[in-house]
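Student: One structure is given below, represented as structure tokens, and several questions about it will come after.
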Amino acid sequence: MSDILVSRDGAVLEIRFNRPAKKNAITNAMYGVMADAITEAEQSDDIRAVLFTAEGDFFSAGNDLMDFASQSSGAFTGRREVGRFLDVMIKAKKPIVAAVQGNGVGVGTTMLFHCDLVYIAETAKLTTPFIDLGLVPENASSLTIVARLGYVRAFALLGANEPLFGKDAAAWGVANAALPSAEVEPRARAAAHALAKKPAEALKLTKGLMRDPETLITRMLHEGEIFAERLKSPEAVAAFAAFLGRK
């Protein structure tokens, strides 16, 4: 089975992480499938909303570091799909809903700040271990997380890598509701279908008024430049070597 399942349910396009044995860690190929799915949704008049779901105990463990390390080597010659995925997420004009039934790590957390509705398990844990890997935040998260949480809470998440649990995520405005894990996906799916029934153009224009994609893209590109430099740093090299050594 594919590591990403894309399906249609009426006017809702569902993108499902389907790699539970690897905690839904995201590979380059998975990023490509998700980018294609969101692009399809944006271009189709029949699709009114996008829903992210996941199989297993994790929402997503973020980047697959083995895959990521191979992309960072000189031997990799393919297209790096992560940038395309992040770009289409930020620029998406149609509503995106997330059902976070389990833990989110790295981009598994930062992508939620580009979703319009988020439903999370009470016991889910969100973490951003960029500094622990010798890196810096990505996906415009140095902007979005500060804007949503305020500086001190954002620094606890991004700087100290303190976990943000589901109940706090809802209380602090990261999620719309914290629920028992089994209730998360049904609630998110119902919300996506409710949005799909709204007047599509009015909804698109409203989302456009509430977000500034150009500012987010500018910050993401700036983060990306620093991120690329940090990948070559002694701190990052040592962190990745330690991880690969454990593997």
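The values are calculated or read from the model by the stated rules, or taken from the named source; none is laboratory data. Bear in mind that the values here come from a model prediction, so they are computed numbers and not experimental data. FYI the Cβ positions are ideal-geometry reconstructions off the backbone, even for glycines, and counts take in every protein chain you see. Remember, those area values only see protein heavy atoms, side chains included, never the ligands or the DNA or RNA. Shrake-Rupley method; radii C 1.70, N 1.55, O 1.52, S 1.80 Å.
Student: Regarding the stretch 137-147, can at least one residue be identified that is open to solvent by 30 Å² or more (accessible area, probe 1.4 Å), over 30 Å from S233 (Cα atoms) and in a helix (DSSP H, G or I)?
Tutor: No, the stretch 137-147 contains no residue that is open to solvent by 30 Å² or more (accessible area, probe 1.4 Å), over 30 Å from S233 (Cα atoms) and in a helix (DSSP H, G or I).
Condition check ((1) modelled with pLDDT of 95 or more; (2) surrounded by fewer than 12 Cβ atoms within 10 Å (Cβ to Cβ); (3) in contact with a Pro (Cβ under 7 Å, 6 or more places away or on another chain); (4) not small (G, A, S)) across all residues:
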{"residue": "D168", "(1), (2), (3), (4)": "yes, no, no, yes"}
{"residue": "P186", "(1), (2), (3), (4)": "yes, no, no, yes"}
{"residue": "A202", "(1), (2), (3), (4)": "yes, yes, no, no"}
{"residue": "E214", "(1), (2), (3), (4)": "yes, yes, no, yes"}
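Student: Does the stretch 72-81 include one or more residues that are within 29 Å of P180 (Cβ to Cβ) and of a type in the set (V, I, T)?
Tutor: No - not one qualifying residue is present in the stretch 72-81.
Student: Continuing with this model, one more query. Quick check on my filter: what residues within the stretch 98-126 are in a loop (DSSP other than H, G, I, E, B), under 9 Å from the mean Cα position of the chain (by Cα) and buried (at least 24 other Cβ atoms within 10 Å of the Cβ)? It would help to see each step written out before you state the result.
Tutor: So in the stretch 98-126, the residues in a loop (DSSP other than H, G, I, E, B) come out as 101-102, 106, 115-116, 122-124.
Still in the running and under 9 Å from the mean Cα position of the chain (by Cα): 106, 115.
Residue satisfying the conditions is G106 alone.
Student: Every residue in the stretch 150-169 that is in contact (Cβ under 8 Å) with a residue 12 or more places away in the chain and within 17 Å of the chain's Cα centre (by Cα), please.
Tutor: Across the stretch 150-169, the qualifying residues are L157, L158, N161, P163, L164, F165, G166, A169.
Student: Could you pull out the residue among P129, P95 that is buried (at least 21 other Cβ atoms within 10 Å of the Cβ), on the phi < 0 side of the Ramachandran plot and either at pLDDT 95 or above or under 17 Å from the mean Cα position of the chain (by Cα) (or both)?
Tutor: Matching residue, one of P129, P95: P95.
Student: A further question follows. Taking E185 and the conditions (1) outside any loop (DSSP other than H, G, I, E, B); (2) without any contact (Cβ under 8 Å) to a residue 60 or more places away in the chain, which numbered condition does it fall short on, given that it satisfies the others?
Tutor: (2)
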